[in-house]
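The values are calculated or read from the model by the stated rules, or taken from the named source; none is laboratory data. Only a predicted model underlies this, so the values are computations on that prediction, with no experimental measurement involved. Ideal geometry is used to build each Cβ from the backbone, glycine not excepted, and the neighbour counts take in all protein chains shown.
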Amino acid sequence: MEIYYGNIAYSKSKTELVCHKNSYIVVDNGKVISIFDKLPVEYQKYQIIDYKDSIIIPAFSDLHVHAPQYPNRGIAMDELLYDWLNKYTFPLESKYKDPIFAKEVYEKFIEDLLRHGTMHASIYATIHNEATDILINLLEEKGIRSFVGKVNMDKDSPDYLIEDTLESIKNTEIFIKKHQNNLYAKPIITPRFAPTCSFELLKKLGELGKKYNCGTQTHIVESLWEREEAKKCYPGCTSDMRIYERADLINKPFIAGHFIFPSEEDIEILKKYDGYAVQCPNATVNVIAGIMRTGYLLDNDINLSYGSDISAGEYLGIYRGISDSIRLSKIKSFYENDDRSITFKEAFYIATKKSGEIFGNVGSFEEGYEFDALVINNMSDSFIDLSIEEMLERFCYLGETKDITHRYLRGKEIII
Ligand SMILES: [Zn+2]
């Protein structure tokens with residue numbers, strides 16, 4: 001039994017942020033038992049870990065991140081998607097045929113992910129099996145709840161980063177079989193996006209998904225270029241989502257990266273299969289150049305989540321994604337007039353409980369949730385007294401990794 005004292009905050013729903021000032025959170029076996037303003041007698045015999053006026057919050061989830069692109073953070077941010085991919089991203093990804101390089105990067109990536117307070121993630125690797133094994137094994141050893149995908153691409157890709165269709169399918173099955181019984185880091189089918197995948201490949205991946213009960217992550221209507229290119233490659237398909245539906249590749253969980261320019265048909269199909277749309281607020285203004293209609297999608301009960309999208313996005317901290325997402329929704333509603341701005345409560349909910357639900361009971365402190373938690377510096381200063389919600393909001397706007405003073409994964413402190 002562990003008891004932590006401090007200012008405790010978590011989301012219950014998109015309109016409900018629960019805040020407990022100077023309270024106790026009781027954790028047993030890595031799971032939240034309850035939160036008390038006054039500690040009941042039966043718990044008073046246990047040692048209390050006193051975080052004083054700090055804030056204790058659930059850890060974040062990142063639903064769209066490319067681990068191999070980690071070395072390219074903050075580079076080529078003045079390019080747009082097509083050139084950024086061809087000049088910078090694809091050449092870097094080809095280096096992961098070297099497992100030594102892969103291990104070096106992936107170790108640092110995971111350490112940095114935790115440093116930024118992210119404890120659950122859906123991650124793209126590359127086409128290379130050996131390097132992808134290294135990534136998923138590192139995550140499994142650390143007990144990080146995650147999905148990891150060996151990327152598939154068999155057309156319209158550079159010669160140094162393209163697969164033969166049958167090889168791609170065979171290697172994906174080998175990868176899934178090897179890791180399907182993992183406890184924490186699970187395989188997910190990862191066609192890069194429709195323009196780089198043949199229909200035969202998508203169809204066979206759909207069969208693998210059914211056979212091994214494996215979800216799918218990919219990029220959906222990421223940019224105007226990607227949307228039009230996908231339609232050109234798949235004549236007869238009126239939307240990006242329709243391509244995946246025709247290929248029978250919408251297995252659970254279905255994680256649609258970006259979802260910036262969806263048609264009503266895309267939205268309808270995503271909703272029908274209970275898929276998740278991932279906003280990547282950093283990436284969206286770096287190389288993608290489009291803004292998701294977050295308010296509109298929220299109001300239409302689409303599952304929304306956040307991703308860092310390293311390295312189209314430059315920053316791993318999902319807390320920064322929260323503030324960027326709010327900012328972007330204001331710009332969208334003001335200049336394009338086809339959305340409403342979202343609230344801090346909604347954004348924090350998306351980043352924690354909503355994104356977390358894909359991994360199980362994580363992302364909240366309701367009873368039975370895993371105690372994956374961050375202790376954040378009190379963000380007040382001497383000029384003004386802040387409420388817990390305001391401190392939290394300030395952390396999402398001004399916070400840095402140094403403001404995360406402790407990290408817990410299923411009740412065990414992680415030392416970085
Ligand atoms: Zn991406």
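Checked against the criteria, residue 28 counts as within 20 Å of residue 366 (Cα to Cα), of a type in the set (Asp, Glu), surrounded by fewer than 19 Cβ atoms within 10 Å (Cβ to Cβ) and modelled with pLDDT of 95 or more. For region 269-280, the tally of residues that are touching a residue at least 24 places away in the same chain (Cβ under 8 Å) and in a helix (DSSP H, G or I) stands at 3. Which ones in region 124-175 are over 29 Å from residue 361 (Cα atoms), of a type in the set (A, V, I, L, M, F, W, C) and free of Cβ contacts under 8 Å to residues at least 40 places away in the same chain? Across region 124-175, the qualifying residues are 162, 166, 169. In region 45-88, the qualifying residues are those that are in contact with an Asp or Glu (Cβ under 6 Å, 6 or more places away or on another chain) and among the small types (Gly, Ala, Ser), and the one that is nearest to residue 374 (Cα to Cα) is 59. Only residues that are farther than 18 Å from residue 11 by Cα and not hydrophobic (A, V, I, L, M, F, W, C) were counted in region 371-396, giving 6.
Report yes if some residue within region 280-291 is farther than 25 Å from residue 89 by Cβ and at pLDDT 95 or above; otherwise report no. No, the conditions are met nowhere in region 280-291.
Only helices (runs of 4 or more DSSP H) whose full extent lies in region 289-394 are considered here, and the ones with at least 2 residues that are crowded, with 23+ Cβ neighbours inside 10 Å and among the aromatic types (Phe, Trp, Tyr) are 344-349.
The one condition from (1) surrounded by fewer than 24 Cβ atoms within 10 Å (Cβ to Cβ); (2) touching a residue at least 24 places away in the same chain (Cβ under 8 Å); (3) among the β-branched types (Val, Ile, Thr) that residue 100 does not meet is (2). Considering only residues that are within 12 Å of the ligand (Cβ to nearest atom) and within 14 Å of residue 347 (Cα to Cα), which ones fall in region 280-303? Listed by number, the list holds a single entry, 280. The single condition among (1) more than 16 Å from the ligand (Cβ to nearest atom); (2) touching a residue at least 60 places away in the same chain (Cβ under 8 Å) that residue 48 does not meet is (2). For region 2-15, the criterion of being basic (Lys, Arg) and not assigned by TED's automatic domain parsing to the domain that holds residue 188 is met by at least one residue.
So which of 82, 88, 46, 106 is in a helix (DSSP H, G or I), exposed (fewer than 15 other Cβ atoms within 10 Å of the Cβ) and either assigned by TED's automatic domain parsing to the domain that holds residue 190 or over 25 Å from the mean Cα position of the chain (by Cα) (or both)? None of the others qualify; the one that does is 82. Restricting 222, 207 to residues that are within 14 Å of the ligand (Cβ to nearest atom), farther than 22 Å from residue 120 by Cβ and of a type outside the set (Gly, Ala, Ser) narrows the list to 222. Selection of region 243-268 for residues being in a loop (DSSP other than H, G, I, E, B), of a type in the set (Gly, Ala, Ser) and in contact with a helix residue (DSSP H, G or I) (Cβ under 8 Å, 6 or more places away or on another chain) yields only 247. Scanning region 227-259 for residues that are crowded, with 24+ Cβ neighbours inside 10 Å and not small (Gly, Ala, Ser) gives 240, 241, 243, 244, 249, 254, 255, 258, 259. On the given criteria, is residue 212 over 28 Å from residue 298 (Cβ atoms), under 23 Å from the mean Cα position of the chain (by Cα) and more than 15 Å from the ligand (Cβ to nearest atom)? It is true that residue 212 is over 28 Å from residue 298 (Cβ atoms), under 23 Å from the mean Cα position of the chain (by Cα) and more than 15 Å from the ligand (Cβ to nearest atom). Residue under question is residue 92, and the condition is that it be among the aliphatic types (A, V, I, L, M) and more than 19 Å from residue 158 (Cβ to Cβ); does it hold? In short, no.
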